[in-house]
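> I'd like to ask you about the structure that follows.
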Amino acid sequence: MQTHRSLAAALLTSALLGAASPASPADEASRLTLEKIMAHPDWIGTPPEEPYWSDDGTAVYYQRKRQGSELRDLYRQSLEGGEPELVPYFVRGAVDHPGEISRDRRHKVYSRQGDIYVKDLQSGAVRQVTRTAEAETDPRWMAGDRRFWFRRGEKDIFVYDLDSGLLSQPAELRLEKDPEDEEEPGYLKERQLRLFDVLREDKEQRDAAREAQQEEQKADPTRAPLPWYLGDKVEIVRTSLSPTGDWMVVLTQPKDMDTGKKSLLAGFVTESGNVETREVRAKVGTGNPVSPTVLLLDLRAHERHEIDLSTLPGIKDDPLKDLREKAKKAREQAKKDAEKKDGKAGAGEPAKKAEEAKKEEPQARPVEFYGLAWTDDGGRLALQLRTYDNKDRWIATIEPGSRELVSRHRLTDPAWINWNFNEFGWLKDNETLWYLSEESGHSHLYLAGMDGKPARQLTRGRFEVSVPVLTFDGRAFYYTANAEHPGFYNVWRTDVASGKSEQVSGLGGLTEFVLSPQEDKLLLTNSQILRPRELFVQPAAPGAEARQLTRTVSAEFLAQDWSIPEIVPVPSSHGKDPVYSRVYTPKGFDPAKKYPAVIFVHGAGYLQNAHAGWSSYFRELMFHSLLTQHGYVVLDMDYRASAGYGRDWRTAIYRQMGYPELEDMEDGIAWMVRNKSVDPKRIGIYGGSYGGFMTFMALFRRPGLFAAGAALRPVTDWSHYNHEYTSNILNTPEVDPEAYVKSSPIEYAAGLQDPLLICDGMQDDNVFFQDTVLLVQRLIELKKENFETAIYPVEPHAFLRPTSWLDEYRRVFKLMETYVREGREPMTAP
């Protein structure tokens, strides 16, 4: 029976890949095959990328990838119509480029190919300011609109004066010791200077000459300012110049800060023919971070002031204290048990405990820098800081005159602060902060004054506000929100004074926008479920009609007979909110029949895929159409942890990854059985990355729930993943070992009963190939038979080569055909 079913699956796969009888050219163009689905995506079309407005608002520019190449070309599309114009290389310097417009709206400054340009918006004249080998970026206008500053390299800032053409350096930052900071004189040096007049006189002459030179340099405005010596044990994280040019903020961190031991990745298919290794990221919890040092430099007085971060409210609290103590007691008990078993007693315990008690005195938790914003007049600076334990985010202000750090907003979450929705800035009054916050449960806009009164919530509702853009006059915000439906994203506008909100765009799907320089039009990038992103333009007013500018999808893609998924709310048995999902149904669906089904699990955890736009999982979208053509129902769920549904949906997996998500999939199975005539004994599951992790959790923790599963580039042990992602959800292994044991599939491998396919790239520097190797060894030691592994020696996390995609999905399809569509039969030896 096994041989018969494998042969049947092989024949079906062969037909699917194009081995059927000859077809007409028209049929061939529209016939869906795995080879077509997994081919290089150029066949779908090359959509517009990085769109922006011309300076006069009469045209738009965008890039498009060349067919068969990774190079991009620049195009110009007039709003008056006609075909898009290719912008040749030799005129790239003369066309418009995105940049920052001065407050008087007379000039624009921008960086192009690492050099700085300024354009007179009235005459159209362009002046090239720099032409150097080192990259110059991030130009910003200063107060008065006659000067701007920009970065050269990583740390140096330069100022350009429009009127004089002078290029100056407001501060020279040197990562070395101050030569004036002499070492403490010892006995011998003191004795030499006391006994020998010639040595004493020479030293006095040197000191006097140095002081005179410094006084001259300080007094002469044509000279470069005195250098700032920051020491030779630090590196610069960020620099920023105030709009007045009087102050500079410099953030530094220790040069030798412990960021964790790097892992090694081995390459086996190499030009040299030898095994070659390279360093990649560290694993979660292996580093020892410290807070940055925030220096406020008074450029006029040449005085530095270090900002005290320990004054932030709650920074000395330890939200992980209980977990930390629990883990410590568990380690101590394990040590005692081991000593008792070995017949040894602990030595030096009193001294050790005293030392530990000293270390446990309240300390300021380390923070990381998340951004800064000056008021237009340079009178205030706002900093955003976040604790490394992921529990707190502060927006604090500094008034350079007082040099005091004042907390204006503290966002605390017992799980973790979102890495999205952290935009902030100032209104035009130089007195009011605006920021995004999830404190209501969803991302919304807030305004906070400097008077200490409670912040005003500008938008509200069970939806998410993102990428806010303040108008030039400061009277309104444009932003993207999914207010109509969690899967529909449109542009909205909110009046600052009244808080009145209006929907501006109505295309649905996924919509992004760029406001025109005149702020009278919107350049929209919109995609739909079966249409990759295209450009549209519309007036920046509610109810206005959007006009399509580009049409880049290929005729071959449009000719396919795709299955259009429905977006359905699957009722949850664990909460009041439904689990929004895409469901793909075979054409000619007959409720009297029983259908096999496949559940697809999207990656990233915090990602939304049950939306009405073009999916980043476009290959899977096409694969699901193919599955419906072979009689499958396919369900793609935005399980708890997914993006788009607010804070509580996101944090439901805190310290228990793989538990709420699996409950949601069980609800999905029940929904398919009730609504799509699915046979509960013939359901498969597959997914990549987080989806691979969930495939493991489903098969290991709920054996029998699925007939088979395919785990692609999967996580097997979260203690091997990176710190930035994992520590948000599971804290760190030292502090919260229980969460790692509970959430790692390798701990449940003994539960495997159903057929499992594991596919992994050996060059994966995101989820290491080591994860798959360790799990396979564990399955071998558990004497499991019903699993297979396919490795891809040259592929990273996201495969790059069509041949690898094709091989992987051939195996996934064969697995489903063998054990799902035809019925369950585990791969066991005779």
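The values are calculated or read from the model by the stated rules, or taken from the named source; none is laboratory data. In this text the structure is predicted, and so the values were computed from the model without any measurement. For neighbour counting, all protein chains shown are included, and Cβ atoms are generated from backbone atoms with ideal geometry for every residue, glycine included. Accessible surface is based on the protein model in full, side chains and every heavy atom, while ligands, DNA and RNA are left aside. Shrake-Rupley method; radii C 1.70, N 1.55, O 1.52, S 1.80 Å.
> Out of curiosity, is ASP429 within 15 Å of ALA382 (Cα to Cα) and either modelled with pLDDT of 95 or more or crowded, with 21+ Cβ neighbours inside 10 Å (or both)?
Taking the combined requirement at face value, the residue satisfies it.
Residue-by-condition table, conditions (1) within 30 Å of SER498 (Cβ to Cβ); (2) free of Cβ contacts under 8 Å to residues at least 40 places away in the same chain; (3) not in a strand (DSSP E or B):
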{"site": "TRP394", "(1), (2), (3)": "yes, no, no"}
{"site": "VAL406", "(1), (2), (3)": "yes, yes, no"}
{"site": "PRO414", "(1), (2), (3)": "no, no, yes"}
{"site": "GLY441", "(1), (2), (3)": "yes, no, yes"}
{"site": "LYS453", "(1), (2), (3)": "yes, yes, yes"}
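> Also, quick follow-up: Does the range 602-620 contain any residue that is out of contact with any strand residue (DSSP E or B) (no Cβ under 9 Å at 6 or more places or on another chain), part of a helix (DSSP H, G or I) and farther than 30 Å from TYR52 by Cβ?
no
> Filtering the range 209-238 down to residues that are aliphatic (A, V, I, L, M) and not in a strand (DSSP E or B), which residue is nearest to the chain's Cα centre (by Cα)?
Only one residue fits best here, namely LEU230.
Residues are listed down the side, and each one gets a yes or a no for (1) open to solvent by 60 Å² or more (accessible area, probe 1.4 Å); (2) hydroxyl-bearing (Ser, Thr, Tyr):
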position	(1), (2)
PRO733	no, no
TYR748	no, yes
GLY751	no, no
GLU785	yes, no
THR803	yes, yes
LYS814	yes, no
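> Are any residues in the range 390-422 among the hydroxyl-bearing types (Ser, Thr, Tyr), within 28 Å of GLY379 (Cβ to Cβ) and either at pLDDT 95 or above or open to solvent by less than 20 Å² (accessible area, probe 1.4 Å) (or both), and if so, which ones?
Matches in the range 390-422: THR397, SER407.
> Further, regarding this structure: Given the criteria at pLDDT 95 or above, in contact with a strand residue (DSSP E or B) (Cβ under 8 Å, 6 or more places away or on another chain), among the small types (Gly, Ala, Ser) and closer than 28 Å to ILE729 by Cβ, does GLY761 qualify?
Taking the combined requirement at face value, the residue satisfies it.
> List pairs: first residue in the range 621-642 and assigned to a helix (DSSP H, G or I), second residue among the β-branched types (Val, Ile, Thr) anywhere in the structure, Cβ distance under 7 angstrom, at least six positions apart or on different chains.
MET622/ILE37; PHE623/ILE37; HIS624/VAL634; LEU626/ILE37; LEU627/VAL598; LEU627/VAL634; THR628/THR585; THR628/VAL634
> Please give the number of the condition LYS681 fails out of (1) free of Cβ contacts under 8 Å to residues at least 40 places away in the same chain; (2) closer than 29 Å to LYS814 by Cβ; (3) surrounded by fewer than 23 Cβ atoms within 10 Å (Cβ to Cβ).
Single failed check for LYS681: (1).
> Ok, one more. Can you tell me which residue in the range 111-123 is nearest to the chain's Cα centre (by Cα), limited to those that are of a type outside the set (D, E, K, R) and open to solvent by less than 40 Å² (accessible area, probe 1.4 Å)?
GLY114
> For the range 230-242, enumerate the residues that are open to solvent by 10 Å² or more (accessible area, probe 1.4 Å) and in contact (Cβ under 8 Å) with a residue 40 or more places away in the chain.
Selection gives LEU230, GLY231, ASP232, VAL234, GLU235, ILE236, VAL237, ARG238.
> If you scan the range 763-777, which residues turn out to be surrounded by fewer than 20 Cβ atoms within 10 Å (Cβ to Cβ) and either of a type in the set (A, V, I, L, M, F, W, C) or without any contact (Cβ under 8 Å) to a residue 40 or more places away in the chain (or both)?
Correct list: VAL773, LEU774, VAL776, GLN777.
> Kindly list, by first and then second residue, each pair from a residue in the range 202-225 that is open to solvent by 90 Å² or more (accessible area, probe 1.4 Å) to a residue that is of a type in the set (Lys, Arg), limited to pairs with Cβ atoms under 8 Å and residues at least 6 apart or on different chains.
Every condition considered, the pairs that remain are GLU216/ARG223.
> Could you tell me whether VAL514 is closer than 28 Å to LEU635 by Cβ, in a strand (DSSP E or B) and of a type in the set (A, V, I, L, M, F, W, C)?
no
> Give me the residue from the range 312-341 that is within 18 Å of TRP416 (Cβ to Cβ) and of a type outside the set (A, V, I, L, M) and, out of that set, surrounded by the fewest Cβ atoms within 10 Å (Cβ to Cβ).
This residue is ASP322.
> Checking the condition of a type outside the set (D, E, K, R) and crowded, with 19+ Cβ neighbours inside 10 Å, which residue from PHE618, PHE557, PHE589, PHE600 passes?
Just one listed residue meets the conditions, PHE600.
> Go through LEU166, LEU230, LEU162 for me and flag whichever is closer than 30 Å to VAL367 by Cβ, of a type in the set (A, V, I, L, M) and in contact with a strand residue (DSSP E or B) (Cβ under 8 Å, 6 or more places away or on another chain).
Result of the check over LEU166, LEU230, LEU162: LEU230.
> While we're on this one: Name the single residue that is nearest to THR651 (Cα to Cα) among those in the range 414-426 being touching a helix residue (DSSP H, G or I) at 6+ places or on another chain (Cβ under 7 Å) and of a type outside the set (Gly, Ala, Ser).
Among them, the one singled out is TRP416.
> In the set ARG551, ARG533, which member is touching a residue at least 24 places away in the same chain (Cβ under 8 Å), open to solvent by 60 Å² or more (accessible area, probe 1.4 Å) and in contact with an Asp or Glu (Cβ under 9 Å, 6 or more places away or on another chain)? Spell out the reasoning first.
Numbers: ARG551 fails: touching a residue at least 24 places away in the same chain (Cβ under 8 Å).
Among ARG551, ARG533, only ARG533 is touching a residue at least 24 places away in the same chain (Cβ under 8 Å), open to solvent by 60 Å² or more (accessible area, probe 1.4 Å) and in contact with an Asp or Glu (Cβ under 9 Å, 6 or more places away or on another chain).
> Turning to a different aspect of this structure: For the range 517-528, enumerate the residues that are within 21 Å of ARG64 (Cα to Cα) and open to solvent by less than 50 Å² (accessible area, probe 1.4 Å).
Passing the criteria: LEU522, LEU523, LEU524, THR525, ASN526, SER527.
> For residues that are surrounded by 23 or more Cβ atoms within 10 Å (Cβ to Cβ), in a loop (DSSP other than H, G, I, E, B) and in contact with an Asp or Glu (Cβ under 9 Å, 6 or more places away or on another chain), tally how many sit in the range 684-710.
Total meeting the criteria: 2.
> If you don't mind, there's one more thing I want to ask. Within the range 507-522, can you find the residues that are aliphatic (A, V, I, L, M) and within 24 Å of the chain's Cα centre (by Cα)?
Once the filter is applied, which keeps residues that are aliphatic (A, V, I, L, M) and within 24 Å of the chain's Cα centre (by Cα), the range 507-522 yields LEU510, VAL514, LEU515.
> Follow-up question, since we're still on this one. Among the residues of the range 440-466, what is the count of those that are over 21 Å from LEU405 (Cβ atoms) and open to solvent by less than 50 Å² (accessible area, probe 1.4 Å)?
Applying the first criterion (over 21 Å from LEU405 (Cβ atoms)) to the range 440-466 yields 440-445, 456-466.
Pick out the ones that are also open to solvent by less than 50 Å² (accessible area, probe 1.4 Å) and you get 441-445, 457-459, 461, 463-466.
Here the count works out to 13.
> Is there a residue being touching a residue at least 24 places away in the same chain (Cβ under 8 Å), at positive phi and open to solvent by less than 20 Å² (accessible area, probe 1.4 Å) anywhere in the range 139-151?
yes
> So SER164 clears everything in (1) without any contact (Cβ under 8 Å) to a residue 12 or more places away in the chain; (2) farther than 30 Å from GLU100 by Cα except one condition, right? Which one?
(2)
> Could you list, in sequence order, all residues of the range 579-600 that are under 25 Å from GLY709 (Cα atoms) and assigned to a loop (DSSP other than H, G, I, E, B)?
Passing the criteria: THR585, PRO586, LYS587, PHE589, LYS593, LYS594.
> Within the range 629-643, identify whether any single residue is open to solvent by 10 Å² or more (accessible area, probe 1.4 Å), touching a strand residue (DSSP E or B) at 6+ places or on another chain (Cβ under 8 Å) and either farther than 25 Å from PHE421 by Cα or not aromatic (Phe, Trp, Tyr) (or both), and answer yes or no.
Yes, some residue in the range 629-643 is open to solvent by 10 Å² or more (accessible area, probe 1.4 Å), touching a strand residue (DSSP E or B) at 6+ places or on another chain (Cβ under 8 Å) and either farther than 25 Å from PHE421 by Cα or not aromatic (Phe, Trp, Tyr) (or both).
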